[in-house]
């Protein structure tokens, strides 16, 4: 866990609402793992002070890459940063995705900008798999070309049908799970809660293991403040209250009590 | 160099190597921040509030950012006093930092029993009696809204522990002096103030409160001037020392508290934003003392010129 001032290398828009931010943060990237996040203090806001958590999109050669959507004041201010500016970064934080899926085919399920950490995961898995990219419309489909380079099987759905199949990403998952296969796949998902819950239910029904990365509002990012808690279930059935920032953000689907 | 400044203070029987603590609920149990902060450098660590049994806290959302701060309603989630002693105190004891345990309950008997169980536990330096949490239905603020009720509680706990007792007072009372005197006369060794200020945020699109609890407590730089005024008033009303907190984000706010009459200070919400804030505050107080000719940090206490 590093607390540093990271220099902005460059930042550009991927689409109208989504940006790619590249930061020089070698101390953070050296121990980063797919599924982990960084906690960023956005400078220039006098009256908004809390850090914002961002999933790691890439951490190669000392460059920390983040993909994010402008959704409020914090991200709008972050979007104004240019090369040479600095931001305060704490990370890498949390527990990421396990990389060993044995002989099971990895199936990644992405909702919106949830695709960013899954792209990082695909690069680190070191094998091919299937990626299901779901978004509201074509303008929200991101990072697909990353998987093209890795020669993954890519399937896209949008709710308005403007790109790929019309429908939800879980429809793509249903089709994927219906295909005959000797062993169930290993599922990795990142997206909104409703999607994650649906993915977990489908995985359970298919006898597949699913790793879900939760997106919760956070305050401290290190497990101290108890703002981002989640009810969880142990293997013996007893329940406990976990902290998404510290005990997650990645949990196995059957651990989560929705 | 400023190494010759005597930074030690005595907070009503809690010996602190410097006057800077961290506030309950903002620093977990210390271990969470160990990767970012040398916890052993802190004057004291006040841990999250505990009652007799584990407590689940409130539903989410538990926090919302507002201009100049945040409103929270965590609801005192915690492992219970035995869980605290078993699972969390060893780290802080190892770090060699005095631990102040924030204690709450729903009856005098519960407060007293928790205090009794902490009595004599190695590493525990004092008890902060939480009589002002705005975020639980029973207990907490119910004991801090009436000076007689609070005095009775302090006296009841006093009988069950030798540890220094420090009620944490609510800011939203007509006269803080009345509560400060009531606490001191009932046997309190020190006072902690202020707790968060009761607050509410509404989402105008849904017309619902943002927090699942409906209401919460405001913290952050926005509340600092309110806290300074209350610390100043309380310090004029009693002779027991004061641990001041409320919106410290750097040395200036901390020094202001000490000049107003505080013996020590606690950094709260700022830990979430810059975990090194308490260390910056320690260094800033030391530098201020050197610059203004104070040989000891404790000389700042009540140094206000009126």
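Output the number of the condition that residue B:104 fails; it satisfies all remaining conditions of (1) surrounded by fewer than 24 Cβ atoms within 10 Å (Cβ to Cβ); (2) within 19 Å of residue B:197 (Cβ to Cβ).
(1)
How do the strands (runs of 3 or more DSSP E) wholly within segment A:155-258 filter down when requiring 2 or more residues that are within 14 Å of chain B (Cβ to nearest Cβ) and more than 18 Å from residue A:52 (Cα to Cα): which remain?
By residue number, A:229-233, A:239-243.
Show the residue pairs meeting these rules: Cβ distance below 7 Å; 6+ apart or different chains; first residue within segment B:117-132 and under 15 Å from residue B:91 (Cα atoms); second residue part of a strand (DSSP E or B).
B:123/B:99; B:124/B:99; B:124/B:101; B:125/B:14; B:125/B:44; B:125/B:99; B:125/B:100
Condition first: touching a helix residue (DSSP H, G or I) at 6+ places or on another chain (Cβ under 8 Å) and exposed (fewer than 15 other Cβ atoms within 10 Å of the Cβ). Now tell me which residues in segment A:175-200 satisfy that.
Result: A:192, single match.
Which condition from (1) at negative phi; (2) more than 14 Å from the chain's Cα centre (by Cα) is the one that residue B:47 breaks?
Going through the list (1) at negative phi; (2) more than 14 Å from the chain's Cα centre (by Cα), residue B:47 breaks only (2).
Does residue A:151 satisfy being farther than 30 Å from residue B:58 by Cα and over 20 Å from the mean Cα position of the chain (by Cα)?
Judged against the criteria, residue A:151 is a match.
Show me the strands (runs of 3 or more DSSP E) entirely contained within segment B:36-111 in which 1 or more residues are in contact with a strand residue (DSSP E or B) (Cβ under 8 Å, 6 or more places away or on another chain), over 23 Å from residue A:239 (Cβ atoms) and within 12 Å of chain A (Cβ to nearest Cβ).
Answer list for segment B:36-111: B:44-50, B:63-66, B:69-72.
How many residues does segment B:242-287 hold that are away from chain A (no Cβ under 14 Å), under 18 Å from residue B:197 (Cα atoms) and either in a loop (DSSP other than H, G, I, E, B) or over 17 Å from the mean Cα position of the chain (by Cα) (or both)?
So the count comes out to 1.
Kindly list, by first and then second residue, each pair from a residue in segment B:211-226 that is closer than 24 Å to residue B:244 by Cα to a residue that is assigned to a helix (DSSP H, G or I) and at pLDDT 95 or above, limited to pairs with Cβ atoms under 6 Å and residues at least 6 apart or on different chains.
Once the first residue is closer than 24 Å to residue B:244 by Cα and sits in segment B:211-226, its partners that are assigned to a helix (DSSP H, G or I) and at pLDDT 95 or above give B:224/B:253.
In the list A:75, A:43, A:86, which residue meets the criterion of being in contact with a helix residue (DSSP H, G or I) (Cβ under 9 Å, 6 or more places away or on another chain), within 29 Å of residue B:220 (Cα to Cα) and surrounded by fewer than 22 Cβ atoms within 10 Å (Cβ to Cβ)?
When all the criteria are applied, what remains is A:43.
The values are calculated or read from the model by the stated rules, or taken from the named source; none is laboratory data. Source: prediction; values computed, not measured. Virtual Cβ from ideal backbone geometry, glycine too; neighbours counted across all protein chains shown.
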